[in-house]
1. Before we move on, is residue 59 under 21 Å from the mean Cα position of the chain (by Cα), at pLDDT 85 or above and in a strand (DSSP E or B)?
């Protein structure tokens, strides 16, 4: 396994079967530092097979001539929660974008129909 470290941060980990000579060639073209790790085990099962429930939304405020908004990705929300609960928690509480302190008036899911999810 190759671990690539750039400016102290792990950027990429790749599983690869290669000789030491191949690793030296690959490490020579990678930015930052490359470390070679040995795979001690592979496979297994997860403790609970919970499906990741990610959600992408746009939050913002509509003006008379413009709209200010920002896109947010929730990597995982509880499987028992609905979009309307997320919407109720966000609207009126979150800012309309990263550079403003004005509260948003809408929260729309990306890829959803106008009738909701």
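The values are calculated or read from the model by the stated rules, or taken from the named source; none is laboratory data. Bear in mind the structure is a predicted one, so any value in this text is a computation, not a measurement.
1. Details: under 21 Å from the mean Cα position of the chain (by Cα): yes; at pLDDT 85 or above: yes; in a strand (DSSP E or B): yes.
The answer is yes for residue 59.
Residues checked against (1) modelled with pLDDT under 80; (2) more than 24 Å from the chain's Cα centre (by Cα):
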| residue | (1), (2) |
| --- | --- |
| 39 | yes, yes |
| 44 | yes, yes |
| 47 | yes, no |
| 55 | no, no |
| 65 | no, yes |
| 71 | no, no |
| 76 | no, no |
